[in-house]
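The values are calculated or read from the model by the stated rules, or taken from the named source; none is laboratory data. All figures in this text were calculated on a predicted structure; none of them were measured in a lab. Positions of Cβ are backbone-derived with ideal geometry, glycine not excepted, and every protein chain shown enters the neighbour counts. Just so you know, the surface numbers come from the protein's heavy atoms only, side chains and all, with ligands and any DNA or RNA stripped out. Shrake-Rupley method; radii C 1.70, N 1.55, O 1.52, S 1.80 Å.
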Amino acid sequence: MTDAAVSTDLKTIPVVWTNDDITFGKSAELRRMLAFLDERKIPGVFFLIPHNRSPDACGDLDQDRELLGVIAKAKERGHEFHQHGYEHLPYECGVPELRMLDFSEEERNRFDEERDALEEMHTFESQIRTLEKGRAIWRRAFGEDPVGFRPPWGAYCGNLYKALAALGFAWTSDRIPCFTGWEWLSGNWDAPFHIREKISTAPYMLRQGLMQFPMAGDYEIKVPNDPEKIERVIALGMREFDEFSRRGHPLLHCSHWHGLQSPGNRGPTIAHLPPHPTGTGYLVHDRLLAAQRASGRAEFIGMKELATRYH
């Protein structure tokens, strides 16, 4: 879609609040996000990591009875849960957006130094094996197969899509039309607002046979506790919302529990800032969601309803 094809009329659009990275051992973090959403009467769509490989909390989703209890009650209130990779390795589902690797010099170096080994992970057979390991945990935890998927790190490959379709997944969500928010929060605060026209902002059917639901930018991860930067991030989130509204396309918020509750003073360049008492990401989302609702153009729904509309 070219700029000339974008309507100047602002439309009401579906807005889906999605969140990544809840896994074994993270029931407290999930409870906090659910309380935040319930207070605002917004359904949450959570992408769960089936296997937590952290040394301090290693385990599978089905082994965390407390977390499963929180999830069961959340489902009764209209919140949703879908699969987020297997163990959240950057390359397990394909190659990440290359600028995503700016968040980790170690992983960026792996792409150069271990390319052959990484590509072995991206064959159709390897993708089937990885997805099946995650699905086995999902079945034990919830007694059903997952239907939606978001790969970690925004990574993908053709064989991922082929494997997802072969295993009966209905949709995936991984393409990022506007990368500006990610660029800012990786340190490049001079990056201009830019929607890449070759990456659709509208949902579409992949040639492998499942739906792709592109996601909006990230407006909470690594937000510094700096009033000027916080205002800029909120304004950027509204600018992307306005653009999606002009096009009449649904907007999928992307968030992470650790970004929401970050004190905003982690890292050598911002360690001098005071810690935020509740988390800079929560502050940004509180004000951004309120502004979108006040616009009268945001219809907050879940992925089940959105997928039904497009199917």
Fill in the blank from the handout: For the R40, D102 Cβ pair and Förster radius 35 Å, calculated FRET efficiency rounded to 0.05 is 0.65
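Tell me, what is the percent relative contact order of the chain, built from C-alpha pairs under 8 Å that lie six or more residues apart? Could you put the intermediate results ahead of the total?
Working: 589 pairs, mean separation 70.6, N = 311.
Relative contact order comes out at 23 percent.
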Handout entry: Area accessible to solvent at T12, 1.4 Å probe radius, in Å²
Key = 90
Exercise for the section: Using the Cα centre as the reference, give the magnitude of the dipole from point charges on the C-beta atoms of the range 1-139 (Lys, Arg: +1; Asp, Glu: -1; all else neutral), rounded to the nearest 20 debye. Expected result: 960
Handout entry: Integer Hz, Karplus 6.51/-1.76/1.60 couplings in order for the range 303-311, x for Gly and Pro
Key = 6, 4, 5, 5, 5, 5, 4, 7, 7
Handout entry: Heavy atoms of D226: accessible area, 1.4 Å probe, square angstrom to 10
Key = 40
Problem - Accessible area, probe 1.4 Å, largest first, for residues H276, H194, H79 - result: H194, H276, H79
Exercise for the section: Describe numerically, in nm with one decimal, the distance between label points set 7 Å from Cα along Cα→Cβ at E299 and at L167. Expected result: 3.2
Practice task
Taking a cut-off of 27 Å between Cα atoms, list the lysines near K304, but don't count ones fewer than 8 places away on the same chain.
Solution key: K11, K26, K41, K73, K75, K133, K162, K198
Problem - Calculated FRET efficiency for the pair F193/E231, C-beta based, R₀ 22 Å, to 0.05 - result: 0.90
Fill in the blank from the handout: Cα-based Rg then Dmax for the range 238-311, in Å, read 15.7, 50
Practice task
Excluding R65 itself, calculate the net charge of residues whose Cβ lies under 15 Å from the Cβ of R65, where each Lys or Arg counts +1 and each Asp or Glu counts -1.
Solution key: 0
Problem - Loop trypsin sites (Lys or Arg not before Pro), the range 9-41 (other Cβ atoms within 10 Å of the site Cβ: 10 or fewer; DSSP) - result: K41
Fill in the blank from the handout: Per the rule of 0.36 nm per residue minus the C-alpha distance, extending R140 to E120 adds in nm 4.4 nm
Practice task
Read phi for every residue in the range 144-152 and hand back ³J(HN,Hα) as whole Hz from Karplus 6.51 cos²θ - 1.76 cosθ + 1.60, θ = phi - 60°, with x for Gly and Pro.
Solution key: 7, 7, x, 10, x, 8, 9, x, x
Problem - Gyration tensor (Cα) of the range 139-212, equivalent ellipsoid semi-axes in angstrom - result: 29, 16, 9
Completion exercise
By accessible area (1.4 Å), largest first, S245, S200 order as S200, S245
